[in-house]
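Single-structure report; data block below.
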Amino acid sequence: MQLTDFDFLLPDELIAQVPVATRDASRLLCLDRQFATIESKQFVDIIEYFRPGDVLVVNDTKVIPARLLGQKQTGGKVEVLLVRPYPGETADEEWLCLTKSSRSLRAGTVVEFSPGFSAEVLEETEAPYRRVRFSFSGAFMDNVEEVGHLPLPPYIKREDSREDRSRYQTVFAREKGAVAAPTAGLHFTEKILQQLVAAGVEVLSLTLHVGLGTFLPVRVEDIRQHKMHAELFSISTTTATAVNLARKEGRRIFALGTTSARALETAATDAGLLSAGSGDSEIFIYPGYRFKIVDALITNFHLPKSTLLMLVSAFAGRDFILSAYRQAVVERFRFFSYGDCMLIT
């Protein structure tokens, strides 16, 4: 498996910079693995592809405004990007962060974001991350919400806006902790969820806090040598029990997004059962992987040479996926986080 096996040509103008007018106004490319067919639809048509008894598993993570802009005591500007709480830290005081400044930040450097809210660089850990200790009054997340900016993906070439505060969240976002949105969920509205439930679809939730690693490039030519980033996940007993019952009864499991798929497959046993619990998901799914839980996948279009493109290639076959991507380019689908959607059954 070579990195170049997962490359494709994408015109820059197809990379969506803003969301469509309403969440469900996006387009939908439907792939049927059994018959190797590809259909172009509207997202609202997705209801037609569900059957009574199907299970839809959503990721209820909520994006935090993790991009903090401050300055050093010398006046130099610094950007601190929250990645995840430092392992073992329970009081929100220490985080793993990415930093950006005109000069490399040394241990002991203090950055002020607002009166009473500052950070000190403790050490450089595994590159490119730094261990940072925050000083604040009140609740940490209240300070972050007040001064932080949403960390839009690097391929969106603009600053975050007020609209992003709502549109870069899913309607079922509940658990704060992600630094990127589970973007396949951005298309869903409360109305569509209600229609699915009325049609006999069971909607379940889990949490996987999407990390910055989702945007980090694969830097090895042999993809088997790539080390996956860790992301915190949690699956409740309620969700695990319902998924296992559905599998026993032969009902289909739809994963909403690659994040839900990764969490489900991380917690899957060799016997194909889902275990409740929490921890780090470091699973790297690429062609050759045998899915244990997921029967259908709803996902956005992913970057060339990305681990997410490798995951969907594992699910539907590399040649079939790249053929669908070529059709999407020809038909001018919109790509990436604010782009259109794909359903693979």
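The values are calculated or read from the model by the stated rules, or taken from the named source; none is laboratory data. In this text the structure is predicted, and so the values were computed from the model without any measurement. Every residue, glycine among them, receives a Cβ derived from its backbone with ideal geometry; neighbour counts consider all protein chains shown.
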Give me the residue from segment 88-101 that is hydrophobic (A, V, I, L, M, F, W, C) and closer than 16 Å to T125 by Cα and, out of that set, surrounded by the fewest Cβ atoms within 10 Å (Cβ to Cβ). L98
Could you please find all residues in segment 144-155 being in contact with a helix residue (DSSP H, G or I) (Cβ under 9 Å, 6 or more places away or on another chain) and either farther than 16 Å from L82 by Cα or among the aliphatic types (A, V, I, L, M) (or both)? L150, L152, Y155
Positions within segment 292-310 being over 11 Å from I344 (Cβ atoms) and either in a helix (DSSP H, G or I) or touching a Phe, Trp or Tyr at 6+ places or on another chain (Cβ under 8 Å) (or both), in sequence order: N300, F301, H302, L303, P304, K305, S306, T307, L308, L309, M310
Across segment 69-87, the tally of residues that are free of Cβ contacts under 8 Å to residues at least 24 places away in the same chain and either more than 15 Å from T125 (Cα to Cα) or in contact with a helix residue (DSSP H, G or I) (Cβ under 9 Å, 6 or more places away or on another chain) (or both) stands at 3
Just give me the residues in segment 41-54 being surrounded by 14 or more Cβ atoms within 10 Å (Cβ to Cβ) and within 20 Å of V329 (Cβ to Cβ), in sequence order. K41, F43
Odd one out for V121, checked against (1) without any contact (Cβ under 8 Å) to a residue 24 or more places away in the chain; (2) surrounded by fewer than 20 Cβ atoms within 10 Å (Cβ to Cβ); (3) outside the structural domain of T183 (by TED's automatic domain parsing): (2)
Specify which of the listed residues (R219, R247, R224, R262) is charged (D, E, K, R), outside any strand (DSSP E or B) and touching a residue at least 60 places away in the same chain (Cβ under 8 Å). R224
